[in-house]
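Undergrad: One structure, pasted below without further comment.
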Amino acid sequence: MKQTASALTVPAGASGAEQAYLAMTHVLNGDGPPMALLAESGGHGNKQRAAAVLDEPLEHEGIAAIITTSGSSGDPQAVLLPGTALMSAARATHTWLPEGPGRWLVAMPVTAVGGLMTLVRAIDAGVEPVYWPGIGGAESFTAESFLPPAREALNRSLADAAPNYVSLVPTQLSRLVDSGGEALDLLAQFSYVLIGAAALATSIRERAQAAGIRLTSTYGATETCGGVVYDGVPLAGVSVHTDPESEGQIVFGGPTIAAGYRANAELNRRTFVDGTFRSSDLGRIDNGVLSVLGRTDDVIKVGGSKVSLNAIADVIRGLAGVSDVAVIAIADDEWGQRAVALVIGETEGVVAAVDAAIGRTRLEVRSLDSLPYLPNGKIDRMTLRRDLEEG
């Protein structure tokens with residue numbers, strides 16, 4: 001008889017993350033049922049529950065976790081993650097890290113793949129993690145809230161003579177860099193800081209590295225058990241290639257690939273092909289290093305000319321005084337579509353810089369104090385697009 005998944009609704013805060021850690025320890029040790037990790041009640045949690053289809057048997061054996069994609073630009077999908085894939089991804093990370101397994105500070109929601117993988121790495125290391133108290137939306141991430149768990153993680157690692165690690169999203173790193181002081185000093189004491197979920201502004205990266213932070217950017221997807229490409233290079237056992245027949249679509253292979261989507265046979269046939277995962281991203285590989293160029297739906301037509309939203313965002317992220325940006329496409333009566341750059345930071349000269357780099361885009365630039373984010377740290381593009389169209 002096929003298994004069904006058990007639902008674990010994870011309360012916001014450190015206690016909820018610890019519950020997920022204990023549950024996943026049982027699952028990965030083989031003495032617990034597959035676990036669908038769900039956010040607390042609310043819009044996001046309700047979408048996760050609906051996508052997980054909890055009242056029907058699982059399509060595959062060996063599933064350890066069900067994690068729902070962000071749905072940042074479409075409907076979320078529940079991804080079936082085998083225990084072997086999760087452990088392969090964790091061990092590949094520990095092989096890449098020069099000092100090997102150690103203690104992890106968990107600072108991202110564990111109902112998304114980035115936070116889940118910090119738990120799995122802790123389980124693989126056999127070292128209990130430390131938790132940021134605001135995890136899962138219990139409080140906003142600030143330098144002050146980061147201080148106690150960072151001190152605890154570093155003190156425990158010092159006592160154990162073990163390395164220590166933390167995974168953050170760019171917004172979290174940006175706040176620590178902007179704050180400076182003790183929080184930034186503590187971050188620089190971590191053996192490595194992994195950054196994922198979204199692109200990192202060049203100015204933030206440079207400031208972090210100048211502060212002595214050992215930083216690496218990770219790239220992957222829920223369907224690959226999180227980040228499996230570090231600074232553009234695939235982890236051991238992971239294969240990545242770009243498909244020239246689909247304009248450079250990034251295709252992943254190896255032992256970290258998910259078993260498929262829950263209850264979506266048609267999407268599975270298109271996406272999981274011969275043991276590979278065909279992502280929605282486009283890329284280029286130069287001398288073994290992958291560059292992500294955007295999404296398959298990232299290119300729009302403005303008055304008949306193709307414009308890449310990701311290319312625009314990359315130019316803007318590289319400008320001094322810019323800490324974050326989102327570029328959204330909206331309908332336009334004259335041009336069919338147009339791009340709007342929502343910038344946190346300095347906006348003067350943005351249009352000129354973009355036009356000089358990639359040609360005239362008819363870009364509109366707006367200044368924002370902050371961007372909306374989903375619980376996993378990705379920009380909530382659907383909300384931004386709705387606000388632009390309604391405003």
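Undergrad: So what's the back-of-envelope 222 nm ellipticity for the chain, counting only DSSP H runs of four-plus at -39500 (n - 2.57) apiece and dividing by all residues, rounded to 500? Write out the running numbers ahead of the final one.
TA: Numbers: 12 runs with 131 residues, N = 391.
Helix contribution divided over all residues of the chain: -10000 deg cm²/dmol.
Undergrad: Is there a quick way to get the dipole size of the chain? I mean about its Cα centre, with the Cβ of Lys and Arg at +1 and of Asp and Glu at -1; what is the value in debye to the nearest 20?
TA: Around 360 debye, computed over the chain.
Undergrad: For the chain, give the share of DSSP beta bridges that are antiparallel, in percent and rounded to the nearest 5; count only bridges with both residues there. The partial results should precede the final answer.
TA: Values: 44 of 67 bridges.
Looking only at bridges with both residues in the chain, the antiparallel portion is about 65 percent.
Undergrad: Evaluate the Kirkwood expression for the hydrodynamic radius of the chain, namely the inverse of the mean inverse distance over all pairs of different C-alpha atoms, and round to one decimal in Å. All intermediate terms of the calculation are to be shown ahead of the outcome.
TA: On the way: mean 1/r = 0.0465 Å⁻¹.
Every distinct Cα pair counted, the radius reaches 21.5 Å.
Undergrad: In addition: Calculate the all-directions average of the projected area of the stretch 129-267's alpha-carbon convex hull, and give it in nm².
TA: 11.0
Undergrad: If we count every other residue with Cβ under 15 angstrom of V229's Cβ, Lys/Arg +1 and Asp/Glu -1, where does the sum land?
TA: Numbers: positive: R284; negative: E223, D231, D281, D286.
Taking every Cβ under 15 Å from that of V229, the sum is -3.
Undergrad: Could you work out the local net charge near G136, counting Lys and Arg as +1, Asp and Glu as -1, over the other residues with Cβ closer than 14 Å to its Cβ? Each step should come with its number before you reach the end.
TA: Numbers: positive: none; negative: E18, E40, E139.
It works out to a net charge of -3.
Undergrad: What net charge do the residues around E266 carry, taking every other residue with its C-beta under 15 Å from that of E266, with Lys and Arg at +1 and Asp and Glu at -1?
TA: Numbers: positive: R262, R269, R270, R278; negative: E59, D75.
Summing Lys and Arg as +1 and Asp and Glu as -1 gives +2.
Undergrad: Return the FRET efficiency for the residue pair S367, A161: r is the Cβ-Cβ distance, R0 is 45 Å, and the value is rounded to the nearest 0.05. Can you show the working numbers first?
TA: Details: r = 48 Å, r/R0 = 1.07.
According to the calculation, E is roughly 0.40.
Undergrad: Enumerate the aspartates and glutamates that K47 could reach by cross-link, defined here as Cα to Cα under 17 Å, with residues fewer than 8 away along the same chain left out.
TA: Output for K47: D55, E56, D75, D380.
Undergrad: Could you tell me the relative contact order of the stretch 298-390? Use alpha-carbon pairs under 8 Å, at least six residues apart, and round to a whole percent. Working shown, then result.
TA: On the way: 155 pairs, mean separation 22.8, N = 93.
Computed over the stretch 298-390, the figure is 24 percent.
Values in this text are rule-based calculations from the coordinates and carry no lab data. Note that the structure is a prediction, hence the values are computed from the model and not measured. So basically every Cβ, Gly included, is an ideal-geometry build from the backbone, and we count neighbours across all protein chains shown.
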